[in-house]
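S.K.: There's a structure below that I have some questions on.
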Amino acid sequence: MMIYQKCPVMCSGFLTIGAFADWLGVAPSAPALLPEILNLLTKGLTIPEDPAAAAALTFKHVCDSKKIYTVVNICNSYKPGLCAVTI
């Protein structure tokens, strides 16, 4: 049985973003990209089953990236209270 049978392209997209989470933590252009990435992931969280699971896993990887403070600050400026962590 294939993992992520429902919406495989969407799930692959989310997981690809997660694979580059460490790059997002150090890239100078990351602050400009993070609002769009967070918007995509929050929309993905609303899609039941596989896409929501892939989006949640990717969100975790993004928040675990090396610049967690930057991610949380951008996240909270995007939607106040979206990230439970406060700096």
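Where a number appears in this text, it was derived from the coordinates with a stated rule and is not lab data. From a predicted model like this one, the values you see are computed outputs, not experimental measurements. Here the Cβ is made from the backbone with ideal geometry for all residues, glycine too, and neighbour counts use every protein chain on show.
S.K.: Rank these for me by crowding, CYS63, CYS11, going from fewest to most other beta carbons within 10 Å.
M.R.: Starting with the residue having the fewest Cβ neighbours, the order is CYS63, CYS11.
S.K.: Sort ILE37, ILE47 so the one with the fewest other Cβ atoms within 10 Å of its own Cβ comes first.
M.R.: Listing ILE37, ILE47 from fewest to most nearby Cβ atoms yields ILE47, ILE37.
S.K.: Same structure again: Taking H placed 1.01 Å from N in the peptide plane, check which residues at least 5 places from ILE47 or on another chain put their amide H under 5 Å from its amide H.
M.R.: ALA52
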